[in-house]
Amino acid sequence: MPEQNAANRSRIVVIGAGAVGATSAYTLFLRQRAAEIVLIDTRKDKAHGDALDMNHGMPFAGSTKVWAGDYSDCKGADVVVITAGTAQAPGETRLDLLKKNASIVRSIVRDVVKHNSDGVLLVATNPVDILSYLAWKESGWPANRVLGTGTLLDTARFRYLISQVAHVDPRSIHAHIIGEHGDSELPVWSRANIAGVPVQLDDVRKDEVFRQTRDAAYEIIQAKGATYYAIALAVDRICTAILLNESSVLNVSTLLTDYCGISDVYLGVPTVVGASGVSRLIPLDPLPNELELLQKSAETLKQNLRAILGEE
C-alpha cells in the first residue's frame, strides 16, 4: 500500500492526553498517519485543548481530523493506543507503577471493547509488559491484536548509543534489546552488527553502552520529569506498521508461547507487525548467557503478574 494511502478511512484513538499521549497524537498528526485521530481523557478540557491546538495547525500539516471524544469513538478504530496512567516519578521503577496503573488499564480496556471488536490494542502505559498481558486478558481478544510498545524504544536507544561509538548512522545499526521494558532487559550483543559485520567493542565499552541504554529513562525523568518524544515516535512507528500492513520487525511486547522455553508472559522480542497486529515472532537463537538473562527477565515479570492477579 503506498504511504499516501495510509490515512484513507483510518482512525487512531489515543487514550490519555498526558505528555506521552498528547505527544504521540501530535506525532501521528504531523505525519498524517490516519484520517482521524481521537483523544480521550478523563480531563475532557485537556483533550479538547490539545485537539483544538492541533487543528489550528492543519493548514501547515494536512487534513487529518482531530477531536476530543469518548469511548464510543473507539468504534471502527484501526488502532487504540493506551497511554493513560500514573507517570513514573524520579527514583521510581516501572514496576513500582504496577498497582497504580493495573486498575486504570483494566477499566479502559473494558470500555474500549464495548465499542470495538476488531481493532488492534497498543499499550504504552508502564509497566508495559505486565499491563499488556492484563489488557489481553481483560479484552478477550486474540493475543495477536493486543501488544505493547515493549523494548522498541530501548532498542532505538541502544542503536543510537552504539552509533555514537562506531560513528555510523544509527539506522545502519542492527541490534536488539529484549525482555522487560525495564531493569531486567538485556542486550543481544551476539546479534549486534553494522551491515552484517559484528559490532566490535570491548567488554567495558559494551557494559557502558548497555548501562546508558537501560538507565536512559531515569536520566531523562531526573532532568525534565518525563520521557515523551522518543516513545511518541515508537508509537508512531508501530501504528504505521499496522496501518500499512508492513510486516515490519519491531521489538514490541507480545505473548510468548515456548519462545526460548518461555510461555504465558508478554516480553519485548523481535516481532513481525502488520494489519492484524502480531503475525509471528522472530527467533534470535541467543547465546546461553543471553538466554539465561531472558529467562530471568520473564520470571521477574511472572512474579509480578502472579502478585497482581492474586495468585500468591
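The values are calculated or read from the model by the stated rules, or taken from the named source; none is laboratory data. Nothing here was measured: the structure is a model prediction, and the numbers come from that model. Ideal geometry is used to build each Cβ from the backbone, glycine not excepted, and the neighbour counts take in all protein chains shown.
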Worksheet entry | Test for Ser72: is it out of contact with any helix residue (DSSP H, G or I) (no Cβ under 9 Å at 6 or more places or on another chain), under 30 Å from Asn304 (Cβ atoms), in the same structural domain as Gly18 (by TED's automatic domain parsing) and among the hydroxyl-bearing types (Ser, Thr, Tyr) | no
Item to complete: Would you mention how many residues in the stretch 136-161 are closer than 18 Å to Leu250 by Cβ and either out of contact with any strand residue (DSSP E or B) (no Cβ under 9 Å at 6 or more places or on another chain) or not charged (D, E, K, R) (or both)?
Response: 15
Fill in: Residue list for the stretch 70-112, restricted to those being touching a Phe, Trp or Tyr at 6+ places or on another chain (Cβ under 8 Å) and within 17 Å of Gly148 (Cα to Cα)
Val112
Discussion item. Return the residues of the stretch 235-275 that are more than 29 Å from Ile308 (Cα to Cα) and of a type in the set (Asp, Glu); say none if nothing qualifies.
Written reply: Asp236, Glu246
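Listed here are the residues, each with its yes/no results for (1) at pLDDT below 95; (2) surrounded by fewer than 19 Cβ atoms within 10 Å (Cβ to Cβ).
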residue: Asp203; (1), (2): no, yes
residue: Thr213; (1), (2): no, no
residue: Leu250; (1), (2): no, no
residue: Gly268; (1), (2): no, no
residue: Arg306; (1), (2): yes, yes
Worksheet item: Taking the stretch 223-250 on its own, how many of its residues are of a type in the set (S, T, N, Q) and within 19 Å of Thr23 (Cβ to Cβ)?
Response: 2
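Checking the condition free of Cβ contacts under 8 Å to residues at least 60 places away in the same chain and at positive phi, which residue from Gly57, Gly62, Gly85 passes? Please lay out each step first, then the result.
Working: Gly57 fails: at positive phi; Gly85 fails: free of Cβ contacts under 8 Å to residues at least 60 places away in the same chain.
Among Gly57, Gly62, Gly85, only Gly62 is free of Cβ contacts under 8 Å to residues at least 60 places away in the same chain and at positive phi.
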Discussion item. If I filter the stretch 131-151 for residues that are in a helix (DSSP H, G or I), assigned by TED's automatic domain parsing to the domain that holds Thr27, surrounded by fewer than 16 Cβ atoms within 10 Å (Cβ to Cβ) and modelled with pLDDT of 95 or more, do I get at least one hit?
Written reply: yes
Worksheet entry | Number of the condition not met by Arg33 [criteria: (1) at pLDDT 95 or above; (2) of a type outside the set (A, V, I, L, M, F, W, C); (3) over 18 Å from Thr125 (Cβ atoms); (4) outside any loop (DSSP other than H, G, I, E, B)] | (4)
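Do we find that Val120 is surrounded by 24 or more Cβ atoms within 10 Å (Cβ to Cβ), free of Cβ contacts under 8 Å to residues at least 40 places away in the same chain and closer than 24 Å to Ala22 by Cβ in this structure?
Working: surrounded by 24 or more Cβ atoms within 10 Å (Cβ to Cβ): yes; free of Cβ contacts under 8 Å to residues at least 40 places away in the same chain: no; closer than 24 Å to Ala22 by Cβ: yes.
So Val120 fails the test.
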